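Here is the structure we will look at.
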Amino acid sequence: MATLEPSLVRWIEGIIGTTLTQVHELTGGASRNSFILTGANEAKAFLRLDAGRGPLSGTDLTLQREYSVLAQLQGTGLPIARVYDFSPEHNAMLMEFLPGHTSYQKTGSPAEEASIRRELVQAIVTLQAIDPRRVSALGPEAGGSLGVAISGDMHTWGKLYDERATLHDPLIDFSLNWLSQAVPDAQAPAVIVHGDLGPGNFMIQDGRIRALIDWEMVRVGHPLEDLACIIARALGAPFGEAAEHIANYEALSGRAVDLRKLDYALALVLVRWLIAMHMALSKPSALQNVPMLFAFRQINSLSLIEALCRCQGVEFQGPPPQLRGADPCRIVFQYSRDCLNELAQDAAMAASAYKLRGIVDLMAYARDFIDYGPERYEREEIERTAAILGRAPGSGAQAHQAICRYARSVNMAQARPLLEFLRWRAEREQVIMHTSLGVRQDNRIRIG
């Protein structure tokens, strides 16, 4: 049983009206700690706690803000849990415990899954219909324009990226720059968006969506952001087809979806995910799933650049670069991978087997990078950066720094050569990672 500070326990007991007898901590939360609480009378409650160590700690996206937004959304017809109280002293939110589960894959029949996907889109439409001005906890952007809302959001994520990601990426720098400048319908009103919708962030009970959960990313933003988010979830696990989600949205909202505006919204979603992955990889540890982060960073990057290219009408000029396939170290890597694979199959603990398979994937990436050629990789970075900037950097590291700075400030009218380079770069990484990605190399967002 998890333990809580005595003063926090007293605060909880004062609200639930009974002695706390059981505290069960849940796993999986990226930004907050979550607990199921049981009292002496078997009554249950749910606790959200921010210990100040999550990726959003220190930003405006506080737990107190989440509580206030949820409190102001009560009675709007949204499927959400009731919130009881917030403790500034403990940075803790106490709320209603909801029976059910978050495992969309366990719902049963395809028909039931399709019904849940439609319900999720209906929740998006319901949320967007709420006047942001009635939810003052959203901040000064509530009731403002789309351009102001997105500019503020990109500033928040750009600050996180600059301060907490030691690994910088010109694709992120370009995206932050372009998304702030190229807002479609910038003067249109922003709407309320959940910000992180998809499997795992809604509760299911008796084959229906009981509640949307994990509201730490709630804000005002683009009307297609939440739709884009559930479409982008397919990069990680199957969650219906994009065409189905679009059709549901059009039918339930009565509004046609402009696919290029949807691409813009996809880019908003994907650049946030990419920044979060770069932040995580800046401080890798054995507690993280680094191989999975590597894989999804690449899948995310390729999907992001494809969305940006569709927005700008830029076609990729192939063919992509190829591996040499003749490095003498291949046999050493292959033997080591085979041995680790065998150990993974024999591992008694599932977690150990999972980590061993992750090491196998990282070794495949290292082997294929050597096959590609570190010298060739650096030379390409220097030559292609020089072609864009008009001057030759002295090293690959200098080329990387220079192209990141350029991407953050480039005039959008002159961005096409940079966009073509970023697309080529993502395709090159896809080639290098083809073995380590395995079946995931075909994961794409296809919206037409």
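None of the figures in this text is laboratory data; all of them are computed from the coordinates on show. Here the structure is a predicted model, which is why all the values come from computation and not from measurement. Note that we place each Cβ from the backbone using ideal geometry, even for glycine, and neighbour counts take in every protein chain shown.
Structure summary
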{"item": "Theoretical FRET efficiency, 1/(1+(r/R0)^6), r = Cβ-Cβ of ALA392 and ALA114, R0 51 Å, to 0.05", "result": "0.40"}
{"item": "Sorted by Cβ density within 10 Å, fewest first, the residues THR3, THR62", "result": "THR3, THR62"}
{"item": "Mean ellipticity per residue at 222 nm, deg cm²/dmol - from DSSP H runs of n ≥ 4 across the chain, formula -39500 (n - 2.57)", "result": "-17000 deg cm²/dmol"}
{"item": "Principal-axis tilt of helix 170-181 within the chain, Cα atoms, nearest 10 degrees", "result": "60 degrees"}
{"item": "Sorted by Cβ neighbour density within 10 Å, fewest at the top, the residues ILE275, ILE150, ILE116", "result": "ILE116, ILE275, ILE150"}
{"item": "Whole-Hz ³J(HN,Hα) from phi, Karplus 6.51 cos²θ - 1.76 cosθ + 1.60, for the range 197-208, glycine and proline x", "result": "7, x, x, x, 10, 9, 8, 10, 9, 6, x, 10"}
{"item": "Global size of the range 6-96 as Cα Rg and Dmax, reported in angstrom", "result": "13.2, 38"}
{"item": "The range 9-20 - phi-based ³J(HN,Hα) in whole Hz, Karplus 6.51/-1.76/1.60, Gly and Pro as x", "result": "4, 4, 4, 5, 5, x, 8, 7, x, 7, 6, 7"}
{"item": "Three principal axis lengths of the chain [C-alpha, angstrom, descending]", "result": "69, 58, 45"}
{"item": "Over 24 Å [Cα-Cα, the range 104-284], rounded percent", "result": "39 percent"}
{"item": "Sequence of LEU47, LEU356 once ranked by neighbouring C-beta atoms within 10 Å, starting from the fewest", "result": "LEU356, LEU47"}
{"item": "Positive minus negative residues near GLY143 (Lys, Arg vs Asp, Glu; Cβ under 14 Å)", "result": "+1"}
{"item": "Principal-axis tilt of helix 416-432 within the chain, Cα atoms, nearest 10 degrees", "result": "90 degrees"}
{"item": "In nm, spacing of pseudo-spin labels at ALA251 and THR156 (7 Å Cα→C-beta vector)", "result": "3.3 nm"}
{"item": "Karplus-derived HN-Hα couplings along the range 33-39 (A = 6.51, B = -1.76, C = 1.60, θ = phi - 60°), whole Hz, x at Gly and Pro", "result": "8, 10, 9, 9, 10, 10, x"}
{"item": "GNM top mover of ILE370, ILE231, ILE388 - the chain, alpha-carbon springs below 10 Å", "result": "ILE388"}
{"item": "For the range 201-271, projected area of the alpha-carbon convex hull averaged over all directions, nm²", "result": "5.5 nm²"}
{"item": "Helix 330-346 vs. the chain, principal-axis angle (Cα, 0 to 90°, nearest 10)", "result": "20 degrees"}
